[in-house]
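The values are calculated or read from the model by the stated rules, or taken from the named source; none is laboratory data. Every value quoted in this text rests on a predicted model; they were computed, and no experiment measured them. A quick note on method: Cβ atoms are made from the backbone with ideal geometry, for glycine too, and the neighbour counts reach across all protein chains shown. Surface areas here come from the heavy atoms of the whole protein model, side chains and all, with no ligands, DNA or RNA. Shrake-Rupley method; radii C 1.70, N 1.55, O 1.52, S 1.80 Å.
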There are 2 protein chains.
Amino acid sequence: MPPRSTRSNPLALAVLTCFLERPMHPYEVAQTLRARAKHESIRLNYGSLYGVVEALEKRQLIRARETVRAGRRPERTIYEITDTGLREMADWLSELLSAPVKEYLQFEAALSLLPALPPDEALAALRQRCATLEIEIALLDGAVAAARAHGMPRLFALESEYVQVLRRAELDYVERLAKDIESGELTGLDQWRSWYAPGGERDADAHSDVPTDPQSC
Amino acid sequence: MPPRSTRSNPLALAVLTCFLERPMHPYEVAQTLRARAKHESIRLNYGSLYGVVEALEKRQLIRARETVRAGRRPERTIYEITDTGLREMADWLSELLSAPVKEYLQFEAALSLLPALPPDEALAALRQRCATLEIEIALLDGAVAAARAHGMPRLFALESEYVQVLRRAELDYVERLAKDIESGELTGLDQWRSWYAPGGERDADAHSDVPTDPQSC
DNA sequence: CTACGATTACTCGTCAAGGAGTATTTGGAG
DNA sequence: CTCCAAATACTCCTTGACGAGTAATCGTAG
């Protein structure tokens with residue numbers, strides 16, 4: 001089992017699955033992934049692509065098969081997957097599917113810094129997010145429906161379904177949160193308001209009195 | 001409004017909110033963030049921290065206030081936030097809260113490559129994920145309950161609530177998906193099975209016949 | 001009082017991501 | 001037939017993340 005560091009970039013996995021179908025040159029890999037809309041779920045750009053292919057070759061997961069050239073264009077090296085590559089692919093994909101990993105989400109960061117904004121500004125921002133989320137969800141719904149209508153089996157749109165589910169859950173949560181701030185039900189709201197009150201004691205956001213690490217409990 | 005590139009690293013935002021409380025030296029920033037468990041929601045390590053602080057100073061969002069030294073230890077430079085920094089912080093945080101951004105999730109990538117695994121292996125991996133998710137959710141539940149019991153206001157644990165909500169939604173989805181694969185309800189399952197059947201026609205994963213870009217519809 | 005492990009406070013080098021740039025070729029309009 | 005725009009197939013260079021390494025100091029146990 002190779003070190004985790006080599007499994008950091010999911011693009012490498014996507015590349016392996018392409019080579020599983022048939023040998024290709026890197027640019028064709030990119031075309032294939034784009035055509036199947038994989039770039040919506042996996043970060044893809046040329047700079048990374050060629051680097052990733054090189055790394056895969058160094059690790060012997062793929063091997064150069066032949067180098068062809070049409071006219072005076074740059075050479076295109078065609079790669080194929082090795083047996084090691086096949087095993088690594090199945091292993092890696094299995095792991096990605098079975099083991100949830102911690103992701104650092106932007107909105108998670110924003111929530112954790114929420115008290116650095118005055119309550120009313122925070123509330124306005126959250127309401128704005130709800131509105132945007134509703135639109136986004138509607139658009140995604142439409143796209144999924146259209147794809148289905150055109151005969152695309154569900155199996156090939158699982159990732160959109162998943163993203164959709166997450167977005168819906170987020171909308172739900174943010175709506176509840178906004179309500180709890182407005183209604184005053186959120187515990188800690190009084191402290192928060194007082195930091196930004198006209199005669200607010202101490203500096204804004206100085207929640208030094210807050211219990212520190214929840215994990216320490 | 002500064003270019004988006006400068007707003008890429010949420011650690012910079014977290015650093016700004018620290019300086020909002022009071023002037024500090026970078027290491028103290030790290031201590032503060034760690035003490036408040038921000039490193040659970042924001043990527044934090046020393047290499048990045050000092051780089052981020054430098055960048056903030058170059059952008060005039062913070063300024064060096066004084067340089068003290070205790071004994072022959074390395075100097076500690078104490079920074080304070082500027083007025084520009086104050087505005088940038090509020091702006092940035094508002095934006096993070098109000099505008100959902102596309103994140104590239106590992107599991108999203110895995111789902112989009114699911115057909116590269118034989119159906120039974122994929123199913124096993126998904127079931128494994130469900131089991132792990134259940135444990136994780138239970139643990140998070142416990143931590144949140146404990147924090148609340150020790151008097152930590154909800155306002156300071158919003159990010160855990162959010163992550164929790166997402167995990168629950170994910171568990172729900174994966175359970176449904178696993179059921180639909182097992183019951184044969186998932187459309188496309190027949191194709192998928194045939195690629196890996198003993199006399200499977202063509203190469204595994206050659207879903208070249210699949211409609212390409214759902215966005216194109 | 002001294003030795004050594006833990007903590008403090010940072011530095012540096014590596015390595016990867018990402019995107020702007022480049023050279024070639026094909027397709028089509030005039 | 002010629003010229004321009006778009007597509008092809010990369011290359012390169014700048015940022016920036018990351019963590020191993022380091023030097024100084026503090027605590028404390030023998």
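Odds and ends about this structure:
- Residues of region B:106-124 with amide N under 18 Å of a point placed 7 Å along Cα→Cβ from B:K179: B:123-124
- B:A90 paired with B:S8, simple spin-label distance in nm, labels 7 Å along Cα-to-beta-carbon: 2.8
- In a reduced charge model with +1 at each Lys and Arg Cβ and -1 at each Asp and Glu Cβ, chain B shows a dipole moment near 1560 debye about its Cα centre.
- With respect to chain A, whose longest principal axis is taken over its alpha-carbon atoms, helix A:83-98 is tilted by about 20°.
- Under Stokes-Einstein, with the Kirkwood radius over Cα pairs as Rh, the value for chain B at 4 °C and 1.567 mPa s is 60 µm²/s.
- Spin-label pair A:L123/B:L123, simplified geometry with 7 Å Cα→Cβ offset, distance in nm: 5.1
- Within chain A, longest stretch free of exposed GluC sites (Glu not before Pro) [DSSP loop, at most 16 other beta carbons within 10 Å]: A:104-184
- Cross-link pairs exceeding 27 Å in C-alpha to C-alpha distance, out of A:K38/B:K38; A:K38/B:K179; A:K179/B:K38; A:K38/A:K102; A:K38/A:K58, comprise A:K38/B:K38.
- Distances between placed amide hydrogens fall under 5 Å for B:M152 paired with no residue 5 or more residues away or on another chain.
- Neighbourhood net charge (10 Å Cβ-Cβ; Lys/Arg +1, Asp/Glu -1) for A:F107: -3
- Stokes-Einstein D in µm²/s, Kirkwood radius over Cα pairs - the protein assembly as shown at 20 °C with 1.002 mPa s viscosity: 88
- Cα→Cβ-extended label distance, 7 Å offset, between A:D83 and A:Q191, nm: 6.2
- Lys/Arg +1, Asp/Glu -1 at C-beta; region A:1-148 dipole; positive extreme among A:L97, A:T84, A:A131: A:T84
- Efficiency of FRET from Cβ geometry, B:L140 and A:A145, R₀ 35 Å, rounded to 0.05: 0.55
- Carbon plus sulfur fraction of accessible area for region A:28-122, probe 1.4 Å, in percent: 46
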